[in-house]
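I have placed the structure first, in the form of structure tokens, so that the comments after it can refer back to it.
The values are calculated or read from the model by the stated rules, or taken from the named source; none is laboratory data. The structure displayed is predicted, hence computed values, not measured ones. Positions of Cβ are backbone-derived with ideal geometry, glycine not excepted, and every protein chain shown enters the neighbour counts.
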Amino acid sequence: MTSLELSDDDLMRRLQRSTGPPREEAFRELVRRHARGLRGFVAPIAGDRADDLVQETFLRVYQHRDRYRAGPASFRSWAYRIARNLALNSRRKEGRVRPLEDAGAEPAARGRGPAESLERALERAEVREAVATLPERDREVVSLRFQRGLSYGEIAQVTGATPAAVKQRAWRALRRLRDVLESQ
């Protein structure tokens, strides 16, 4: 079975138990699968340090691979929690905050006409502005749930909140976003 066919838990077991090329291949596959999402998640917190924090996250994953236990907390939530802690520590040290609305700003997709690209850009700008009005904890839940696709249980693992609290934050954030967008 190739590393592309293995689950994250299988890759972590290979990372924990193997040596040489199998270990390296497992690690590379975990990086390939998760680096982009982790970067997008830490970018609003860390700004231009996001790439460094993602590298530091994977360094910690590798260094602490024996601490990982498969089970209710998936690899993804474990890695996001490491990245979150690193980003928050970095922000505290540097005293910098970058608003969430700067994250995920994507260039216009190729192949779209100018009118459609502008319309999509405006929609994203409106949504980013609306998300920026949310309290930080709610913005974090919105980012993890709707931009990164984590489940409520995974978000609870990342943030240290209960799944019920995460669901409540998501519901409250979506209600606020709806109200803000409808008033525009």
Among the residues in region 122-132, are any assigned to a helix (DSSP H, G or I), of a type in the set (Asp, Glu), within 23 Å of residue 48 (Cα to Cα) and modelled with pLDDT under 85?
yes
Can you name the residue in region 158-175 that is crowded, with 21+ Cβ neighbours inside 10 Å and not small (Gly, Ala, Ser) and, of all such residues, is nearest to residue 39 (Cα to Cα)?
158
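Tell me which residues, restricted to region 56-73, are assigned to a helix (DSSP H, G or I) and surrounded by 14 or more Cβ atoms within 10 Å (Cβ to Cβ). Quick ask: steps written out before the conclusion?
Initial filter on region 56-73 (assigned to a helix (DSSP H, G or I)): 56-63, 65-67.
If the condition is that a residue be assigned to a helix (DSSP H, G or I) and surrounded by 14 or more Cβ atoms within 10 Å (Cβ to Cβ), then 56, 57, 58, 60, 61, 65 are the ones that fit.
For every residue, the table says whether it meets (1) touching a residue at least 60 places away in the same chain (Cβ under 8 Å); (2) part of a helix (DSSP H, G or I); (3) crowded, with 20+ Cβ neighbours inside 10 Å.
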site	(1), (2), (3)
33	no, yes, no
37	yes, yes, no
41	yes, yes, yes
44	yes, yes, yes
47	no, yes, no
